[in-house]
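Structure, as structure tokens:
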Amino acid sequence: MKPFLPLLLLLSACSTTVENSAVAPAPRRAPIAFDGTLLPAFHVKSLSAAKAWYAEVLGCEVAYELAEMGWCEVTTPTTGALLGLSENPETKASGDAFLGFGVADMAEARKHLVAKKVTLDGDVIEIPNVVKLLYFQDPDGNKLMFYQPIPAPK
């Protein structure tokens, strides 16, 4: 079983659906001033191969690159969220962490990954009236996930 419990709890707590996703939650008081951006990062064996894969499969574009340090940041489908790619030829993905992207149509998202010959970690998992989940990997074994919230019946 995939580690989807934290996501399930988050989705349940936020009650995020396609209909209300444009509504911003009330700001929480944080101990420091965050700027509203997010930069998770993955180690990759080849920076050039990773940039090409993320561009082809997810439509990411390089936003910043420091080639001499083996580092770049690519855009994501989410405003304010970039993905850092750090080159390390000896890297082995831990499999513990993953990056999730919300999608509007899970069947179309899955079809896209299959067409791109992306390694899927099983099939779509559906938690009725809550969410659909699909786990997959980049070529370096880093875990990613698509999720589609399912609106509760009215």
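Read the figures in this text as sums done on the coordinates, not as results from a lab. Nothing here was measured: the structure is a model prediction, and the numbers come from that model. Quick reminder, even Gly has a Cβ in these numbers, built from the backbone with ideal geometry, and neighbours come from all protein chains shown.
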Among residues of the range 60-93, those that are in a loop (DSSP other than H, G, I, E, B), of a type outside the set (D, E, K, R), within 16 Å of the chain's Cα centre (by Cα) and at negative phi, counted = 6
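Let's see how each residue does on (1) of a type in the set (Gly, Ala, Ser); (2) within 17 Å of residue 77 (Cβ to Cβ); (3) touching a Gly at 6+ places or on another chain (Cβ under 6 Å):
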| position | (1), (2), (3) |
| --- | --- |
| 98 | no, yes, no |
| 107 | yes, no, no |
| 110 | no, yes, no |
| 114 | no, no, no |
| 119 | no, no, no |
| 123 | no, no, no |
| 129 | no, no, no |
Considering only the range 89-148, state which residues are surrounded by 17 or more Cβ atoms within 10 Å (Cβ to Cβ), of a type in the set (S, T, N, Q) and farther than 21 Å from residue 55 by Cα.
-> 148
Residues of the range 122-134 satisfying the condition of being over 14 Å from the mean Cα position of the chain (by Cα) and in contact (Cβ under 8 Å) with a residue 40 or more places away in the chain = 122, 125, 127, 130, 131
When residue 110 is evaluated against the numbered criteria (1) without any contact (Cβ under 8 Å) to a residue 60 or more places away in the chain; (2) farther than 15 Å from residue 57 by Cβ; (3) not hydrophobic (A, V, I, L, M, F, W, C), which criterion, by number, is the only one it fails?
-> (2)
Could you check how many residues of the range 54-84 are touching a residue at least 60 places away in the same chain (Cβ under 8 Å) and surrounded by fewer than 15 Cβ atoms within 10 Å (Cβ to Cβ)?
-> 1
Subset of the range 115-130 (residues that are polar (S, T, N, Q) and either outside any loop (DSSP other than H, G, I, E, B) or touching a strand residue (DSSP E or B) at 6+ places or on another chain (Cβ under 6 Å) (or both)) = 119
